[in-house]
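Comments concern the structure below.
The values are calculated or read from the model by the stated rules, or taken from the named source; none is laboratory data. None of these values were measured; they are calculated from a predicted model. Here the Cβ positions follow ideal geometry from the backbone for every residue, glycine too, while neighbour counts run over all protein chains shown.
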Amino acid sequence: MDQAREAREVRARDSLARTAGLLLGTLALATAFIAAYVGALHQPTPRDLPVGFALGDQRAEEVLAAVRGQTDIVKPIEYDDPGAAEDGLRKRQVYGVLTAGPEGLLLTIASASGPSATGAITEVLRAAAQHAGTPLKITDEVPVVSADPRGVVPFYLNVGYVLGGYLASTVLGIAAGTTPRSPRRAGLRIAALAVYSVLLGVAGSLVVGPGLGIWNDEVLTIAAVGALAVFAAAMIASAVQGWLGIAGTALVILLLVVLGNPGSGGIFAPEFLPGWLRTMHHWNIPGLANDLTKSAVYFDWWSAGWPALLLALWALVGGFGLVAASLVRGRRAGPPRSPATDQGG
């Protein structure tokens, strides 16, 4: 009797300790979520927004140099000729190009890269032109669609894609074990997540296309971008969970949501973020998905190369990581007793 009671007490203490650990982990994640979002986006301040000009365009260079001497909002980028500067705009290397003409200055922008960025550039250069007594004409060469005037759709669309990717991985981990017990089972899980990614990519494209009338002509493009974003998120989540068990979900949430979403810039260009998050934008999955969507919908595919390549690399690394976890941890783990108790596969 005493042994049975002691065993019950031990189980109760263990359960209490696990519950307390989960609650403390949740508390830490929620606190980090608040700190990351509020810290990154409470007072977005643009710095070093790139604006191109052509070598030899002395008037444009002087205006940009004068602006740079007064504020760090704009960063002049020199190109060999006007054609190269225009290519830089289309490849999303700069947000605008300043040129001088017989009637004054011309600022060519691409608001589809980020209305927040082009708005800040326009405001600064308009003030500089007025101070210099020079007319300034503004042309938006790549505007956002009228249904998305603030350019928020790429961000929120990819929040859904990334969320769907790691949730699918988590659901499979709970149902079948976080670590597949063989490479064959790992392959089946990868295949299942690939099919799921395609389906979610199509679903998202139908919502923002025919559903809401935002990108009616880009349904296939958005579906392809979405499938890649979902698959990359799902593969990274599966690999982390495969090595760490269901507790790895906390690390996935930290990387993809707590840090990933504010690191993507949200509705702001990355130049509005603090330095450490600005750097993260160029390699985290939400930031890459956001950039890839803008490039694929509004610009030529040259500007989509880097985010597409890195998303594919994340998916590849995640897939190899899951297979490796099945080889190292899966063979040591016994068969799951039930979906609710399987922590290691």
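So, in the range 45-67, exactly how many residues are among the charged types (D, E, K, R) and closer than 16 Å to Ala117 by Cα? Full working, then the answer.
Restricting attention to the range 45-67, the residues satisfying the condition of being among the charged types (D, E, K, R) are 47-48, 57, 59, 61-62.
Pick out the ones that are also closer than 16 Å to Ala117 by Cα and you get 47-48.
Selection size over the range 45-67: 2.
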Legend entry - Residue that is surrounded by the most Cβ atoms within 10 Å (Cβ to Cβ) [pool: residues in the range 190-242 that are among the hydroxyl-bearing types (Ser, Thr, Tyr) and closer than 18 Å to Asn290 by Cα]: Ser197
Inset, instruction - Taking the options Arg181, Arg189, name whichever one is at pLDDT 95 or above and among the basic types (Lys, Arg). - result: Arg189
Legend entry - Hits in the range 120-147 - residues which are among the small types (Gly, Ala, Ser) and in the same structural domain as Glu61 (by TED's automatic domain parsing): Ala120, Ala127, Ala128, Ala129, Ala132, Gly133
Legend entry - Lone unmet requirement of (1) of a type outside the set (Asp, Glu); (2) surrounded by fewer than 16 Cβ atoms within 10 Å (Cβ to Cβ); (3) at positive phi; (4) in contact with a helix residue (DSSP H, G or I) (Cβ under 8 Å, 6 or more places away or on another chain) for Pro135: (3)
Inset, instruction - Scan the range 51-60 for residues that are within 11 Å of Ile77 (Cβ to Cβ) and either touching a residue at least 60 places away in the same chain (Cβ under 8 Å) or part of a helix (DSSP H, G or I) (or both) and jot them down. - result: Val51
Inset, instruction - Would you check if there is a residue in the range 328-335 being at pLDDT below 90 and closer than 25 Å to Ala30 by Cα? - result: no
Inset, instruction - Specify the residue that is modelled with the lowest pLDDT; the eligible residues are those in the range 72-122 that are assigned to a loop (DSSP other than H, G, I, E, B), in contact with a Pro (Cβ under 9 Å, 6 or more places away or on another chain) and over 17 Å from Arg47 (Cα atoms). - result: Glu103
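Are any residues in the range 138-172 of a type in the set (Val, Ile, Thr), surrounded by fewer than 20 Cβ atoms within 10 Å (Cβ to Cβ) and in a helix (DSSP H, G or I), and if so, which ones?
Once the filter is applied, which keeps residues that are of a type in the set (Val, Ile, Thr), surrounded by fewer than 20 Cβ atoms within 10 Å (Cβ to Cβ) and in a helix (DSSP H, G or I), the range 138-172 yields Val159, Val171.
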